[in-house]
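Asks: A single structure is presented below for examination.
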């Protein structure tokens, strides 16, 4: 309705896609759904890791001295490395949701490239957070 009054060449008629364009659009939709699933899994895993390691760190005996400072520094590194994948996966998910409503293939492809870069950052940061979290748990064990 609005495009017809604005002088659009199609007017109020829907844009008809060819078979190859529909196939390309369906492949893009499948890739977007897969990336959205990955970003959601990253967000859930980082959320669980944050609560688990935070609970272990808070329940540990409070140490005074250099070991307490080392544990605190490691815990801060863990929190930073765990926050990055959570934030980047949420941004990537929102970045994948937004262009679907626009319906423009080049915009969807650019959004997928941005989301993949954010997802790569999230995976690398999640790897570092996992290693630091394991080290934090091992350092808190009294018998090691």
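Asks: Here are 48, 134, 128: which of them is loosely packed, with under 12 Cβ neighbours inside 10 Å, over 30 Å from residue 22 (Cβ atoms) and either modelled with pLDDT of 80 or more or touching a helix residue (DSSP H, G or I) at 6+ places or on another chain (Cβ under 6 Å) (or both)?
Replies: Working: 134 fails: loosely packed, with under 12 Cβ neighbours inside 10 Å; 128 fails: loosely packed, with under 12 Cβ neighbours inside 10 Å.
From the options 48, 134, 128, the qualifying one is 48.
Asks: May I pose another question? Just to be sure I understand the filter: pairs with C-beta atoms under 6 Å, separated by 6 or more residues or on different chains, first member in segment 96-113 and buried (at least 16 other Cβ atoms within 10 Å of the Cβ), second member at pLDDT below 80 and outside any helix (DSSP H, G or I). Which pairs pass?
Replies: none
The values are calculated or read from the model by the stated rules, or taken from the named source; none is laboratory data. Please read these numbers as outputs of a predicted model, since none were measured by experiment. Positions of Cβ are generated from backbone atoms using ideal geometry, with glycine treated the same way; all protein chains shown enter the neighbour counts.
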